[in-house]
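S.K.: What follows is a structure written as structure tokens; I'll ask about it next.
The values are calculated or read from the model by the stated rules, or taken from the named source; none is laboratory data. Note that the structure is predicted; figures quoted are calculated from it, not measured. Please note: Cβ atoms are built from the backbone with ideal geometry, for glycine as well, and neighbour counts cover all protein chains shown. Surface accessibility is based on the protein's heavy atoms, side chains included, excluding ligands, DNA and RNA. Shrake-Rupley method; radii C 1.70, N 1.55, O 1.52, S 1.80 Å.
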Amino acid sequence: MSKIQLTGSAKALVVYYSRTGNTREIAKQIHKIVGGDIVEIQPVNPYPDDYNATTKQAKRELNSGFKPALKTRVENIGSYDFIFVGSPNWWSTIAAPVKTFLSEYDLSGKTIAPFITHGGGGMARCVDDIKILCKDSTVLEGLAVWGESQSAAQSEVSEWLRKLGMAG
Ligand SMILES: Cc1cc2nc3c(=O)[nH]c(=O)nc-3n(C[C@H](O)[C@H](O)[C@H](O)COP(=O)(O)O)c2cc1C
């Protein structure tokens, strides 16, 4: 399996979208270990607080290929070699704001490590869809964490980072 080597001036970015905080928690755990920068992806129009309203909207957006505008801007994306990309599993794929992010920025030549939180569906098509959007990036083995167990996921996170060569 490919490994990450963060040596010399190589820099990591942890970038994620989280509607209810599960993916944010995992992002923070990763950032604590790998360092670098951490950025939360925020759409211009936030998704509804209501779960059913969000699932309906997300389904419509998935079917139409809609990519919501983001208010998040990442400066100097070129300065990062390793990008940890986090998303909840939405209808078996990555959330639409993450699709926007991956489409808007040039991540060619970069190494991407995906992490996903889910409600029982696991990784599903998330990594495959990241590979489709990031054809010229190296996409590593992803981490899938049950959303409700994120606070207990520290050992899964550190084991995954250790396998990627990022933690001792
Ligand atoms: C629009 C929507 C669609 C979802 N679809 C799935 C799914 O297909 N499979 C699954 O396991 N969980 C699904 N979930 C549950 C989320 O993946 C899970 O709660 C996740 O941890 C939420 O992350 P967050 O707190 O970072 O937003 C869905 C949640 C939402 C809001």
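S.K.: Looking only at residues in region 61-86 that are among the polar types (S, T, N, Q) and over 20 Å from V14 (Cα atoms), which one is most open to solvent (accessible area, probe 1.4 Å)?
M.R.: If we take residues in region 61-86 being among the polar types (S, T, N, Q) and over 20 Å from V14 (Cα atoms), then N63 is most open to solvent (accessible area, probe 1.4 Å).
S.K.: Would you tally the residues in region 123-134 being without any contact (Cβ under 8 Å) to a residue 24 or more places away in the chain and open to solvent by 40 Å² or more (accessible area, probe 1.4 Å)? If you could, list the steps in order and put the result at the bottom.
M.R.: Filtering region 123-134 down to residues without any contact (Cβ under 8 Å) to a residue 24 or more places away in the chain leaves 127-128, 131-132.
Now narrow it down to the ones that are open to solvent by 40 Å² or more (accessible area, probe 1.4 Å): 128, 131-132.
Final tally of qualifying residues: 3.
S.K.: Okay, next question. State whether one or more residues within region 90-109 are closer than 20 Å to T138 by Cβ, touching a Leu at 6+ places or on another chain (Cβ under 7 Å) and of a type in the set (A, V, I, L, M, F, W, C).
M.R.: yes
S.K.: Of the numbered conditions (1) open to solvent by less than 10 Å² (accessible area, probe 1.4 Å); (2) modelled with pLDDT under 95; (3) of a type outside the set (K, R); (4) more than 17 Å from I26 (Cβ to Cβ), G165 fails exactly one; give the number of that condition.
M.R.: Only one criterion in (1) open to solvent by less than 10 Å² (accessible area, probe 1.4 Å); (2) modelled with pLDDT under 95; (3) of a type outside the set (K, R); (4) more than 17 Å from I26 (Cβ to Cβ) is unmet by G165, namely (1).
S.K.: Going by the conditions given, is E40 touching a residue at least 24 places away in the same chain (Cβ under 8 Å) and of a type in the set (D, E)?
M.R.: Taking the combined requirement at face value, the residue satisfies it.
S.K.: Got at least one residue in region 15-35 being more than 8 Å from the ligand (Cβ to nearest atom) and in a strand (DSSP E or B)?
M.R.: Checked region 15-35: at least one residue is more than 8 Å from the ligand (Cβ to nearest atom) and in a strand (DSSP E or B).
S.K.: When you scan region 87-122, how many residues do you find that are of a type in the set (G, A, S) and open to solvent by 20 Å² or more (accessible area, probe 1.4 Å)?
M.R.: 7
S.K.: Sticking with this structure for a sec: Output the residues belonging to region 7-38 that are open to solvent by 80 Å² or more (accessible area, probe 1.4 Å) and either within 22 Å of V145 (Cα to Cα) or of a type in the set (G, A, S) (or both).
M.R.: Matches in region 7-38: G8, S9, T20, K28, K32.
S.K.: Okay, next question. When the residues of region 39-56 are filtered to those that are out of contact with any helix residue (DSSP H, G or I) (no Cβ under 6 Å at 6 or more places or on another chain) and part of a loop (DSSP other than H, G, I, E, B), which remaining residue is most open to solvent (accessible area, probe 1.4 Å)?
M.R.: The residue in question is D49.
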